[in-house]
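Trainee: Following this message is one structure expressed as structure tokens.
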Amino acid sequence: MKKFLEDLKNELTKQHMLEKDINEIIADHEEMIQNAMLEGLSEEEMKKRFGDPVNLAKELASFSTHEAEPFNIPEGYLAWKNFSTLSSELKIKISLVAEDISVVHSQDEQIHVHYSGKGDISKYTCTYEDNELVIEAPKMSGFIFMKSKNDDIQLILEIPKSLVITNFQINIVSGDLYYANLNANTLTLSTTSGDVTMLNAIITTSKWNTVSGDLMITDVKLENLNSSQVSGDMHMKKVYVGKEMKLNTVSGDIRIEDSLCQDCALHSVSGDITGMEFYPSRVSLKSVSGDITIKNKNHTDIEIVSKSTLTGDIHIQL
Amino acid sequence: MNAQFKRGIIELCVLSTLVEKDTYGYQIISDLSQYIDVNENTIYPILRRLTNEGYFTTYLVESNEGAPRKYYKMSEKGFTYYMQLREEWDSFIGGVYHIINQGGKKHEEILRRFKERIN
């Protein structure tokens, strides 16, 4: 059965499970195998009773928390800047125009910035001083829509997981933001037409302003969230807000799945707001012509503080 | 048998065991496999998943025969879940029996009537 334990451990590691979970699972199996031996089971009977460790590991991994997948820098990216960090805290300020940026966790203890594209990287600013990282696109002369394909730039910013991001401020006009596997105390986000993808993060206070870009938010824990969007859509999945969540939309649709929060205020002019398996404790709903629907399987008490609509439908099915 | 379906039934069996008493992982496997064809690969993930969801809590008990054993204890939340699952199961299996026993329970009787009908 030694081989069973070894195979199980290898497969769990392969499935990117957390080390503490792996250790616990192995300890549980050592205990169960010992008990099976005390019962006097033969090696053959043991094999039958414990089954296949590979299948077992896959099954266990299917509902467990995973180690953040290492982010592989795609081909075509070049290293631009590397900084050794001087403190355990970090402030970040990013202001970009049409550049896409991915902000992910670093594989080591350094801050790395990579770039790709045909644009002239030397016109960009990237500094790290007084525990503040600043990335800025060159000041534009002329209009944004005059930018040609010949000066596009994509950036990847890698931040060590051990750093505490105290304040993260990011402004992008038309570029997209991908933010994954990083925690922050305060995150302020503002985009015009760029899309935002946020994955696996813990953020204390966050404020999002978007105009026509879409937001995809998955596996994010927040204390307070204040979001305001004009015509872009938002899709939230597995979002947990400890205190207050305020979502405002003009004509964009909002879809919230498998999420919960304490106090929730949903305001819409003509966008539809749909909650599926969405469990706020208290909720206030306001719309002009948009529909607001909350559909949950489990019956829980949701206190409706206020609801008003002019011509939209408000449906709460519990 | 369909794996997903079987898993649901075994989940109910695991919950039933823990409604009666606190017990340790291997004991559950050993008890259940006396009656149904099931192995550790199916039971352990259920124990772990239901523990993660707060349906069971665990505690260690020293054993005379070796390492301490991890005992599983059903929580109130687990009990509520068990009752819900049980109700679903009862109404489902009740319906299934009604359908399959429409022609009687005895195999010979079912066969005789089938033969009569096709001849």
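Here, each number is a calculation from the coordinates, and none is a lab measurement. Please read these numbers as outputs of a predicted model, since none were measured by experiment. Don't worry about glycine lacking a Cβ; one is built from the backbone with ideal geometry, like all the others, and counts go over all protein chains shown.
Trainee: Taking Cα pairs under 8 Å and at least six residues apart, what relative contact order does chain A come out at, in percent?
Mentor: 9 percent
Trainee: Normalise the Cα radius of gyration of segment A:1-76 by 2.2 N^0.38 Å (N = residues in it) and let me know the number.
Mentor: Here the answer is 1.33, to two decimals.
Trainee: Give, rounded to the nearest 20 debye, the magnitude of the charge dipole that segment A:214-318 has about its Cα centre when Lys and Arg contribute +1 at Cβ and Asp and Glu contribute -1 at Cβ.
Mentor: On the way: 11 positive and 15 negative charges, 33 e Å.
About 160 debye.
Trainee: Now for a separate question. 5 Å is the cut-off here: which amide hydrogens, built 1.01 Å from N in the peptide plane, fall below it relative to residue B:24, excluding neighbours closer than 5 in sequence?
Mentor: When sequence neighbours closer than 5 places are left aside, the close amide H contacts are B:72.
Trainee: Give a residue-ordered list of calculated ³J(HN,Hα) values for segment A:174-187 (Karplus: 6.51 cos²θ - 1.76 cosθ + 1.60, θ = phi - 60°; whole Hz; x for Gly, Pro).
Mentor: 10, x, 9, 10, 10, 10, 9, 6, 10, 9, 8, 6, 10, 10
Trainee: Ok, one more. Grab every C-alpha pair in segment A:179-318, bin the distances at 10 angstrom width from 0 up to the longest one, and report whole percents.
Mentor: Taking every Cα pair in segment A:179-318, the percentages come to 13, 47, 34, 6, 0.
Trainee: In debye to the nearest 20, how big a dipole does chain B give about its Cα centre with +1 on each Lys and Arg Cβ and -1 on each Asp and Glu Cβ?
Mentor: For this selection, approximately 440 debye.
Trainee: Something else now. Could you sort out which of A:48/B:21; A:3/A:221; A:221/A:295; A:3/B:70 sit more than 29 Å apart by Cα distance in this structure?
Mentor: Over 29 Å apart, Cα to Cα: A:3/A:221.
Trainee: May I pose another question? Could you pull out every residue, at least 5 positions away or on a different chain, whose amide H is within less than 5 Å of the one on residue A:100? Hs are placed 1.01 Å off N in the peptide plane, and Pro or chain starts have none.
Mentor: Those lying under 5 Å, H to H, from residue A:100 are A:153, A:155, A:176.
Trainee: Working from Cα positions, state the angle (0 to 90°, nearest 10) between the long axis of helix A:53-62 and the longest principal axis of chain A.
Mentor: That helix lies at roughly 30 degrees to the long axis.
Trainee: Continuing with this model, one more query. Please list the non-local residues whose amide H lies under 5 Å from the amide H of residue A:235, H modeled 1.01 Å from N, same-chain partners needing a gap of 5 or more.
Mentor: Residues meeting the amide H criterion: A:215, A:216, A:217, A:255.
Trainee: What shape does segment A:102-261 have by the C-alpha gyration tensor, where a ≥ b ≥ c are the square roots of the eigenvalues, rounded means a/c under 1.5, and otherwise prolate means a/b greater than b/c and oblate the rest?
Mentor: It is oblate, given that a/c is not under 1.5 and a/b is not larger than b/c.
Trainee: Given only helices, namely DSSP H runs of n ≥ 4 each adding -39500 (n - 2.57), what is the per-residue ellipticity at 222 nm of chain A, to the nearest 500 deg cm²/dmol?
Mentor: -5000 deg cm²/dmol
Trainee: Between exposed chymotrypsin sites (Phe, Trp or Tyr not before Pro) in chain A, where DSSP calls loop and at most 13 other Cβ atoms lie within 10 Å, what's the longest gap?
Mentor: Answer from the scan: A:144-318.
Trainee: To continue, here is another question. Can you run phi through the Karplus equation (6.51, -1.76, 1.60; θ = phi - 60°) for segment B:84-99 and list ³J(HN,Hα) in whole Hz, with x for Gly and Pro?
Mentor: Once θ is set to phi - 60°, the couplings for segment B:84-99 become 5, 5, 5, 4, 4, 4, 4, 6, 5, 5, x, x, 4, 4, 4, 5 Hz.
Trainee: If each Cα of the protein assembly as shown is one equal point scatterer, what is log10 of I(q)/I(0) from the Debye formula at q = 0.07, 0.08, 0.12, 0.13 Å⁻¹?
Mentor: One equal scatterer on each Cα of the protein assembly as shown leads to -0.53, -0.67, -1.11, -1.18.
Trainee: Can you compute 3J(HN,Hα) from phi for each residue in segment A:5-11, using the Karplus curve 6.51 cos²θ - 1.76 cosθ + 1.60 with θ = phi - 60°, rounded to whole Hz and x for Gly and Pro?
Mentor: Here the 3J(HN,Hα) series is 5, 5, 4, 4, 4, 4, 5 Hz.
Trainee: Choose one of A:248, A:268, A:227: the residue whose Cα lies farthest towards the positive end of the charge dipole of segment A:220-275 (beta-carbon charges +1 Lys, Arg; -1 Asp, Glu; about the Cα centre).
Mentor: A:227
Trainee: Restrict the search to segment A:223-318; then list the trypsin sites (Lys or Arg not before Pro) that DSSP places in a loop and that have at most 16 other Cβ atoms within 10 Å of their Cβ. Show your work: numbers first, answer last.
Mentor: Numbers: sites: A:237, A:238, A:243, A:246, A:255, A:282, A:286, A:295, A:297, A:307; in loops: A:297.
Those satisfying the criteria are A:297.
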